[in-house]
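Below is one structure, written out as structure tokens; the observations come after it.
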Amino acid sequence: MPNYEPTAPFQHGTAAATGVLVVNLGTPEAPTTPAVRRFLRQFLWDPRVVEYPRLLWWLILNLVILVIRPPRSAAAYREIWTDEGSPLMIYSKKIVAGLDSRLEDVELELAMTYGDPAIDDAIDRLVAKGVRRILVLPLYPQYSGTTTASVFDAVTRKLGRMRWIPEIRFIGSYHDDPGYIDALANSVREYRATHQGGDKLLMSFHGVPKYTLDGGDPYFCHCQKTARLLATALQLEDHEWNISFQSRVGREEWLQPYTEETVRGYGGAGMRRLDVMCPGFSADCLETLEEIAMQNAEAFSEAGGGELHYIPALNDRDDHLDALANVITRHLAGWSDGTDVDAEQSAKRARALGASA
């Protein structure tokens, strides 16, 4: 027989609480080779991330990638690490704190798909607070099977081990949410107001293999729509902006155009200044702070360009938090907050039936 996890102690007459599970990708616990290796092993073994045959991929991952890549990635993490830790963790915590101040009668928990705080533990904490309804918010504006679906998988694996499963709602994307687009546009306007404007705005999204698009993943289309809506909000002409995809790994074809090739092309053409932003990242991390602001800035200069300016992710901007709070509120609509429960009468009826608590 299945051995289901015990349910947290229940008190009759207690109103069911509502919780929001906010999930980001994750980060190593330290910028060291062993910590990065542990993180990459969990991350890259996820079949949503790499869809290779398992045996073949196990050999490649353990005999090649986890030998070569961790020292390099650890060195890159050290470039962006702060006294407080990983930027992604710092900003993710600030996002949850900001949402907590904006949402009433809701319990919030932060979780990471890979590493800590783990999704399993975060759900346990919500249930321990009396939460019987959980809204899951992956911090990925554009849906991708490699990210958003991985959150769903982790959540449902946890639920599959629980005896009393809470009600669940899941936010698949918010790539065209007006508040999110406004926050992106405001971030560009404010940056350019203090740093002047570049010759072009490049919107760089994280890349994924092209076979995901061929298989029906909407990520490419979501990125295109976000970019188009942002360009419209900024009143940019077609020649003033472009879209690209970064972080390509391996030899197979990924979504194009590739960011580094695009950046080098602009540099080779003698562009004076290029502004780059990453609308798909809710919080700054290795891919934005090291890959774009450092590696691609160097590539732009080496190719003959002037300055590459990275416009920070939305992080804990007030307009970003307002937008996320509005998305959450819309998805919570119609869910009872438990105030219709007469706690005293419910407890009396339970005791009359022999309940001890």
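Values as computed for the structure displayed
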quantity: Qualifying residue in region 67-76 (condition: under 30 Å from ARG133 (Cα atoms) and in contact (Cβ under 8 Å) with a residue 24 or more places away in the chain); calculated: no
quantity: Residue check, LEU314 surrounded by 23 or more Cβ atoms within 10 Å (Cβ to Cβ), part of a strand (DSSP E or B) and at pLDDT 95 or above; calculated: no
quantity: Lone unmet requirement of (1) in a loop (DSSP other than H, G, I, E, B); (2) without any contact (Cβ under 8 Å) to a residue 60 or more places away in the chain; (3) not hydrophobic (A, V, I, L, M, F, W, C) for TYR140; calculated: (2)
quantity: Inter-residue pairs, beta-carbon under 7 Å, first within 15 Å of SER173 (Cβ to Cβ) and in region 220-245, second open to solvent by 30 Å² or more (accessible area, probe 1.4 Å), 6+ apart; calculated: PHE220/LEU213; HIS222/TYR143; HIS222/SER173; LYS225/ASP176; THR226/ASP176; LEU229/ASP176
quantity: Residues located in region 44-61, provided they are assigned to a helix (DSSP H, G or I) and open to solvent by 40 Å² or more (accessible area, probe 1.4 Å); calculated: TRP45, ARG54, LEU55, LEU56, TRP58, LEU59, ILE60
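The values are calculated or read from the model by the stated rules, or taken from the named source; none is laboratory data. Keep in mind it's a predicted model, so treat the numbers as computed, not measured. As a convention, Cβ positions derive from the backbone with ideal geometry for all residues, glycine included, and neighbour counts pool all protein chains shown. These accessible areas exclude ligands, DNA and RNA; they are computed on the full protein's heavy atoms, side chains included. Shrake-Rupley method; radii C 1.70, N 1.55, O 1.52, S 1.80 Å.
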